[in-house]
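The values are calculated or read from the model by the stated rules, or taken from the named source; none is laboratory data. Remember, predicted model here, so these are calculated numbers, not experimental data. Here Cβ is always computed from backbone atoms with ideal geometry, including for glycine, and neighbour counts include all displayed protein chains. Keep in mind that these areas ignore ligands, DNA and RNA; they rest on the heavy atoms of the full protein, side chains included. Shrake-Rupley method; radii C 1.70, N 1.55, O 1.52, S 1.80 Å.
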Amino acid sequence: SLQAKMSRPVQAQRLEGIDKNIWVEFVKLAATYSKVNLGQGFPDFSPPGFLKEAFVRALSGENHMVHQYTRAFGHPPLVKILAQFFGKLLGQELDPMTNVMVTVGAYQALFCCFQAFVEEGDEVIILEPFFDCYEAMVRMAGGSPVFVPLRLKAPTDGKLMSSAAWQLDPAELASKFSKQTKAIVLNSPNNPLGKVFSREELGLLAELCVKHDVLCISDEVYEWLVYDGKEHVRIASLPGMWERTVTIGSAGKTFSITGWKVGWTVGPNRLLQHLRTVHQNSVYHCATVGQEAVAQGFQRELELYGKPDSYFIQLPKELQQKRDRLVQSLDAVGMKPIIPEGTYFLVADISQFKSDVPDVPDSSEPYDSRFAKWMVKNKGLAAIPLSAFCCAAHRSSYSHFLRFCFAKEEATLKAANDILQRWKQEKTGP
Ligand code: PMP
């Protein structure tokens, strides 16, 4: 009967528990209340001129075929240049047709990986805090996430800490690998912490992956955004790792064009062939014009590689100054920042502001989440609570930090500074 049909749940069981998404909530709050938005991770400055020009050239040039479908697994000029570029970085001879696949942003690359590799009953190790979609995507594929926390080492002196102080416990990490472990997700440079994993830390992860025959999904979207001369190490370049790693990148973060949604995967054909299966049965292919322009951007960067004019040299230089500006603003008011080694983000300790936003005992919402909502509504400043990047069971251990995005114009950072200064004055009197 109609009644019986209507009473059956319409949604698949897999969607249980993953219907909420923090971005939907916090992006809306920022749009409604914020005067200064340091929440979601996107630049408010212009992408480089050479890339906008490449897009315009592609759009209005003679080759009108850029307005039509292109190859499903990546526009040929883009996969060719990505194979050349990443072949050089990874020390591998890469075949553009089988070792590279273009995706709708890094987000779809992640989705393809989880759908392709994770089976009902498989465990996937996620280092915590983590970019929130990892957990939902693992669950949607039928897998079980296993969280391994990064913990903040106690400060040794009065100085500001570095994101390097967030550390794994090697014994705890090793204990989470089991027969059920199918893959580990690595994100270095890390969103939200700004941590850049050291060669030693990556070596330990690699050893465990090899020992337990585990795949590595390496989200390296912030690969060029590394500061203070630090080195970004690609885990796929470590011994035994190439054949078990998919490396994920994003033109959004690479060229400051998050709205273009062009991303890619690089890896061995034995893994990428299965990503192609997911891709051809879901998205099929990504918008052609953006791929054409990104290909030209990489062509330029290949020619300028390591030279001062390279965008991959200039962008981190500029972002490091922006980082320092925000670090200074937060430190001046006592919202202690942890200096990030990479990414668009830093996390800052809100403990000294507790008197403004009293804790509600027994609230099911983590303190930092209520604080972030209060701050955007009352001060007009948007940031993201760190607990949003943690699994439900561990939220309370990460609930006195906010994540701020500093990939912003000087004027935006100054406006944030003004809000913080005024707030401090209201607290302490002039
Ligand atoms: N991974 C991480 C760690 C990210 O921070 C983001 C973007 N916020 C993505 C993947 C998604 O990248 P894209 O915009 O290219 O889909």
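How would you order 149-156, 114-121 from highest to lowest mean count of nearby Cβ atoms within 10 Å?
114-121, 149-156
Rounded to a whole number of µm²/s, how large is the Stokes-Einstein D of region 249-352 at 37 °C and 0.692 mPa s, given Rh as the Kirkwood radius over C-alpha pairs?
My calculation gives 195 µm²/s for D.
Quick check: net charge around Tyr284, other residues with Cβ under 12 Å of its Cβ, Lys/Arg +1 and Asp/Glu -1?
Charge balance in the 12 Å sphere: +2.
Can you put Trp264, Trp224, Trp374 in order of accessible area, largest first, using a 1.4 Å probe?
Trp374, Trp224, Trp264
Rounded, prolate or oblate: pick one for region 218-266, where a ≥ b ≥ c are the square roots of the eigenvalues of its C-alpha gyration tensor, a/c under 1.5 means rounded, and failing that, prolate if a/b is larger than b/c, else oblate.
oblate
For region 312-430, what is the convex hull (Cα atoms) projected area averaged across all directions, in square nanometres?
Quarter of the Cα hull surface area: 7.9 nm².
Using a Cα-Cα cut-off of under 26 Å, which lysines could be cross-linked to Lys28, ignoring same-chain neighbours fewer than 8 residues away?
Leaving aside lysines fewer than 8 places away in the same chain, those within reach of Lys28 are Lys20, Lys253, Lys261, Lys322, Lys354, Lys373, Lys377, Lys379, Lys408, Lys414.
Sort 246-255, 41-50 by the packing proxy (mean of other Cβ within 10 Å over each peptide's residues), most packed first.
Per-residue Cβ counts within 10 Å, averaged per peptide and sorted highest first, yield 246-255, 41-50.
Just need the Rg to Rh number for region 49-304, please, alpha carbons only, Kirkwood Rh.
Here the Rg-to-Rh quotient is 0.98.
Can you give me the C-alpha center-to-center distance between region 59-90 and region 351-375, rounded to a whole angstrom?
48 Å
Figure the gain on full extension for Glu62 and Lys317 (residue separation times 0.36 nm, minus the Cα-Cα span) and round it to one decimal in nm.
Gain on stretching Glu62 to Lys317: 88.1 nm.
Let me know the volume per residue of the alpha-carbon convex hull for region 166-301, in Å³.
137 Å³
Net charge near Leu346: determine it from the other residues with C-beta under 13 Å of the C-beta of Leu346, scoring Lys and Arg +1 and Asp and Glu -1.
Summing Lys/Arg as +1 and Asp/Glu as -1 gives +3.
Under a straight-distance cross-link criterion of Cα-Cα below 26 Å, which lysines are reachable from Lys211, leaving out those fewer than 8 residues away in the same chain?
Filter leaves Lys176, Lys179, Lys182, Lys195.
Less than 15 Å Cβ to Cβ from Thr181, Lys/Arg counted +1 and Asp/Glu -1: what total charge do the surrounding residues give?
-2
Run the 1.4 Å probe and let me know the accessible area of Glu207, rounded to the nearest 10 Å².
About 130 Å², ignoring ligands and nucleic acids.
If you take every DSSP beta bridge fully contained in the chain, what fraction is antiparallel? Give it as a percent rounded to 5.
Here the share of antiparallel DSSP bridges comes out near 50 percent.
Can you name the helices of the chain, as whole DSSP H runs, whose Cα span along the helix axis is 15 Å or more and whose Kyte-Doolittle mean is not below 0.5?
Helix filter hits for the chain: 22-33, 49-60, 76-90, 105-117.
Are there trypsin sites (Lys or Arg not before Pro) in region 289-339 that DSSP marks as loop and that have at most 15 other Cβ atoms within 10 Å, and which are they?
none
So if I place +1 on the C-beta of Lys and Arg and -1 on the C-beta of Asp and Glu, and nothing else carries charge, what would the dipole magnitude of the chain be about its Cα centre? I want it in debye, nearest 20.
Around 720 debye, computed over the chain.
Taking the Cα centre of region 333-430 as origin, sum charge times position over the Cβ atoms of Lys and Arg (+1) and Asp and Glu (-1), and report the length of that vector in debye to the nearest 20.
Charge dipole, region 333-430, about its Cα centre: 160 debye, nearest 20.
I'd like the distance between the alpha-carbon centres of region 221-299 and region 140-187, rounded to an integer number of Å.
Region 221-299 and region 140-187 have Cα centres separated by 23 Å.
Once the dipole of the chain is set up with Lys and Arg at +1 and Asp and Glu at -1 on Cβ about the Cα centre, which of Gly240, Gly259, Met137 lies farthest towards its positive end?
Checking the options against the dipole of the chain, the answer is Gly259.
I'd like the GluC sites (Glu not before Pro) in region 231-317 restricted to DSSP loop residues with at most 14 other Cβ atoms within 10 Å, sorted by number.
Those that pass, being in a loop and sparsely packed, are Glu231.
Send over the per residue convex hull volume for the chain, Cα only, as a whole number of Å³.
Once divided by residue count, the hull of the chain is 177 Å³.
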